[in-house]
Amino acid sequence: MKWRETIFRVERRRLLACLAVLGIVLLHSLPSHAYAGPGAGFAVLSSFWTLFVAFFYSVYAFFAWPFRQLFRLLRRRKAYGKAQIKRAIILGFDGMDPELTERFIAEGKLPNLAKLRERGTFRKLQTTFPPISPVAWSTFMTGVNPGKHNIYDFLARDLSNYLPYLSSAEIKGPKRSWKIGKYTIPLGGPRIKGMRRGIPFWHWLGEAGVFCSVIRVPVTFPPEKFSGVLLSGMCVPDLKGSQGTFCLCTTRSRGDKFREGGVRIPIERNGSSCRSYVPGPENPLTGGSGDELRVNFEIHPDKGNQARFTVDSQRFTLKVGDYSEWVPVRFSAGVGFSAHGICRFYLKELSPEVEVYVTPVNIDPGRPDLPISHPVTYSIYLAKLFGPYATLGLAEDTWALNEEVLDDQAFLAQCYANHDDRERMLFDALEKTSQGLCACVFDTTDRVQHMFWRYLEDDHPAARDVPRDQRPSVIQDLYSRMDKLIGRVMGQIDDKTLLMVVSDHGFKSFARCVNLNAWLHQNGYLALKSGKTESGDWFDDVDWSRTRAYTMGLNGLYLNLKGREREGIIEAGSDADALKDELRRKLDGLVDPASGRAGITGVFDCDSVYAGPYVDNAPDLIVGYGDGFRASWDSVMGKVTRQIFEDNLKAWSGDHCIDPRLVPGVLFCNHKISDEKPAIVDVAPTVLKLFGLALPGHLDGKPWTVAPSTTP
Amino acid sequence: MGTLGVNVPALIVVGISLVIGLVMVVVFRYTSDQKEIHIAKDRLKAHLLALRLFQDQIPVVLRSYGRIVVATGGYLRLAFKPLLLVILPLIFLIVQLDRYLGWMPVEAGHPFLITVRMDNLKASNEASLQLPDGLAATAPAVHVPSENEIAWRVVAEKPGQYIVNIQASDETFSKRLVIGAGLQRLSPVRLRGKFWERILVSSEAALPENNPIESIAVQYPARSIAFAGLEWNWIWLFFVLSLAAGFLSKSILGIEI
């Protein structure tokens, strides 16, 4: 040991000598001599600048605060004057199912939810017609039925051509452009129009001076101005403007297209390395010619089942089965025209073929080309604090798992990486919102249940090949994980805080597909062009002049109404009412001949379930599928097939777009709530009332009676 | 100005600044933890944004300020780690440049001071100056007893390099001085001991240890460089230009500073 001590002493002496030399140099030199290059110069300058700005802003905020309070009072923004609570925390677990929750509580797997149920409230939460996330979350935030917020599905139909468009937001090119030869110079940015109507309850809270942090609540894109911070959720597009287009780069020559959400890109071998590209948005300078921008990347296979990637100037190494971090990519169309995105690379295979999965290119939250937060700096703030994160509305790539581009493990890894980011954002928002509203929606619960329900059932068509003892307990683990999250949140609240855990709907099996367009065709309501027995996507080959009804999207059924649809043939009024009655009678209780079970358990007339200024945009009927059934993949895309009922063999094996009475959501609260049948439409008025605000007259929801004391 | 009307010192400073700006940024790139610096800078920006985003919440503002101070410390720690590697060579380079660019030679016909500092009053009273041909004292020596200093006002007839001798305690000590114009290597002081100060400001051999003279200084005029319509001390011009060059290089090379 002596030699070690000696070496240590020598090293220590050397270190001290070096420090002494440095100190002497710095102390003895003139101040100007202490300047040691631009690196140190930048460091010193930017540090002092940062401190200066921070100090100035802190002082400003400190001294401006009383004046801002006074300004609030003058504008009658009396925060917390009549409030029963100091803070409301709403955790939205998309798709958390009450029956599964009860089952796992009974099995002792959810101790924190059990505690909430025991000391506070647990109820089933009535969902919306139809029980689809954008519809239900729109109702959650506005406190009104869909007839007043105008969201009935992910998709709405264009009456002039029967084609779908995204129901929540419309993105168009710039208003003006300048054409020079074959080039088009856009003058201005893209135009984004939110299609959801109604006013989210955090606007009223903000008006009253209650600060709100709202994270990833669906249908908040484009973000609206209010007094608080908001990060948009479901319905934020990717950089291509789609709801998520993944990319499989492969050396395999198979050229068939993916049905949903993905593109196949060739990888070219070049000696020992490979080259491919990430497709990006359309070139804005070529004016709708369809030219897409690209970011090239190279793969250099190494020993040990790993490869070095070069994407722009960035280099990283991946092993087979590994994801990269978020990689910034810049799609450049020329000087001054570029789009900034982020994506992750997943190395699927290196030998004998090379395959790389690339996530949809998300809008870069640190340099957003479209507004994804309010204020715009909030998404930047989160990106600076935690690093890049998924911004795409449907960030978990369910299509890639459905198309077997990703396997279960890769999909789960992606889900939980996004989930971890969301947790960090939540806890930061909780820290920043010691008073006010903090609402955060987690999508993982929805996506994982959609994709792994097959392992919960003995005989799901999508998992018949998987022996029971080899089925992973993914959903149990998911609920347990969410319970732990709730536990950590409960550890941060006091008795003046209301904690609410809500879900927009529950979940059921999706084992059998119902092609309602096929049923309409076989029963004479939908006609195909002469000689056709099936249609293509989006009603290709449908004879509209003989079609009385059609369906697209998940639950809506439409009459081909004269004066409304381009080629409508049904007269509005008594003819339309009679047709609706006829369809309801025939469809309600429609039996699946293979199982003898009802594929449809309810058909609802929209005139009776909706009320409001946007009812005209609603479907005519809402179809409530039975437990185990859902609209078929083809029917959703406006396709007529020969089969009405068929097995669902996709990984997407659980669903909720069925009869709303079968899939209520959950409501947990740390306060006692006396109402026996709470509904998601009641959340907004309840929170407004708890903060002591008068309820706007147009709300459909009724505030719950919430006990003042809490013992979490 | 040079013979062709070219501002040679300014050209030298610009050239050196550009090269050093580029080299230092590249050295910084390879001696620093780029990823950690990127994260540290992003955190700083996040805390700054928090001040604006949550400005109505005083506790958040104060907490953010505290975090900014801590994050700044962390960032400086990361940024100054590479500095440890470059500071010594760069300081010696700057010192060498300072020999040429910091002062100008004394012009012929212009009086200047030669100042000698002794370690005791008696020695300073006995010291005398011996001038070579071409140099002449223009006034009697001035004694500053409180500083143990003695100063002579001298003038040169023509440009050239001269050696002046100081007689003290029966010994003679020399000092080199330069009369003329343009860029010349100058040593404004000759020192006894004081290793680091000698390294930084003198380019002459040390005075013997066992003699009463601490220093012999020549009062060269400070050089100012005309650049962009302003008169600059060369180190400030170097500071500004090397920062600009570094900033440009880091942006082009994608280096995190």
(request) Would you kindly identify the helices (runs of 4 or more DSSP H) lying entirely within the stretch A:366-459 that contain at least 1 residues that are surrounded by fewer than 19 Cβ atoms within 10 Å (Cβ to Cβ) and within 14 Å of another protein chain (Cβ to nearest Cβ)? (result) A:376-386, A:408-432
(request) Please find, within the stretch A:617-641, the residue that is nearest to A:G599 (Cα to Cα) out of those that are over 24 Å from the mean Cα position of the chain (by Cα) and of a type in the set (D, E, K, R). (result) A:D627
(request) Give B:L131, B:L121, B:L101, B:L135 a once-over and let me know the one that is surrounded by fewer than 15 Cβ atoms within 10 Å (Cβ to Cβ) and either of a type in the set (A, V, I, L, M, F, W, C) or in the same structural domain as B:D170 (by TED's automatic domain parsing) (or both). (result) B:L121
(message) Just to be sure before I move on: is A:G198 touching a His at 6+ places or on another chain (Cβ under 6 Å) and not hydrophobic (A, V, I, L, M, F, W, C) in the structure I sent?
(response) yes
(message) Please verify whether A:K672 is in contact with a strand residue (DSSP E or B) (Cβ under 7 Å, 6 or more places away or on another chain), assigned to a loop (DSSP other than H, G, I, E, B) and either modelled with pLDDT under 95 or more than 30 Å from A:F452 (Cβ to Cβ) (or both), treating the condition exactly as stated.
(response) no
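Would you call B:S224 among the small types (G, A, S), more than 12 Å from chain A (Cβ to nearest Cβ), on the phi < 0 side of the Ramachandran plot and within 16 Å of the chain's Cα centre (by Cα)? Break it down stepwise before answering.
Details: among the small types (G, A, S): yes; more than 12 Å from chain A (Cβ to nearest Cβ): yes; on the phi < 0 side of the Ramachandran plot: yes; within 16 Å of the chain's Cα centre (by Cα): yes.
The answer is yes for B:S224.
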(request) Would you confirm whether any residue within the stretch A:350-358 is under 21 Å from A:N283 (Cβ atoms) and touching a residue at least 12 places away in the same chain (Cβ under 8 Å)? (result) yes
(request) Return the pairs, sorted by first residue and then second, in which the second residue is buried (at least 23 other Cβ atoms within 10 Å of the Cβ) and among the acidic types (D, E), the first residue lies in the stretch A:542-563 and is more than 21 Å from A:S167 (Cα to Cα), the beta carbons are less than 6 Å apart, and the residues are 6+ apart or on different chains. (result) none
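At least 1 residues that are over 29 Å from A:L347 (Cβ atoms) and touching a strand residue (DSSP E or B) at 6+ places or on another chain (Cβ under 7 Å) in each: list the strands (runs of 3 or more DSSP E) lying fully within the stretch A:225-290 that qualify. Steps first, answer last, please.
Working: elements: A:228-231, A:246-250, A:262-266, A:268-270, A:273-282.
Counting at least 1 such residues, we get A:228-231.
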(message) Just the residues that are in contact with a Phe, Trp or Tyr (Cβ under 7 Å, 6 or more places away or on another chain), more than 27 Å from A:T142 (Cα to Cα) and without any contact (Cβ under 8 Å) to a residue 40 or more places away in the chain, please, taken from the stretch A:159-201.
(response) A:L187
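Restricting to the stretch B:16-49, name every residue that is facing chain A (nearest Cβ under 7 Å) and in a loop (DSSP other than H, G, I, E, B).
Going residue by residue through the stretch B:16-49, those that are facing chain A (nearest Cβ under 7 Å) are B:20-21, B:24-25, B:28, B:42-46, B:48-49.
None; the set is empty.
Does A:G173 qualify as being surrounded by 15 or more Cβ atoms within 10 Å (Cβ to Cβ), modelled with pLDDT of 90 or more, of a type outside the set (V, I, T) and in contact with a strand residue (DSSP E or B) (Cβ under 7 Å, 6 or more places away or on another chain)? Give the derivation first.
On the way: surrounded by 15 or more Cβ atoms within 10 Å (Cβ to Cβ): yes; modelled with pLDDT of 90 or more: no; of a type outside the set (V, I, T): yes; in contact with a strand residue (DSSP E or B) (Cβ under 7 Å, 6 or more places away or on another chain): yes.
Here the answer is no, as A:G173 does not meet what is asked.
The values are calculated or read from the model by the stated rules, or taken from the named source; none is laboratory data. What you see is a predicted model, and the numbers here were worked out from it, not measured in a lab. Heads up, the Cβs are rebuilt from the backbone with ideal geometry, glycines too, and the neighbour counts pull from every protein chain shown.
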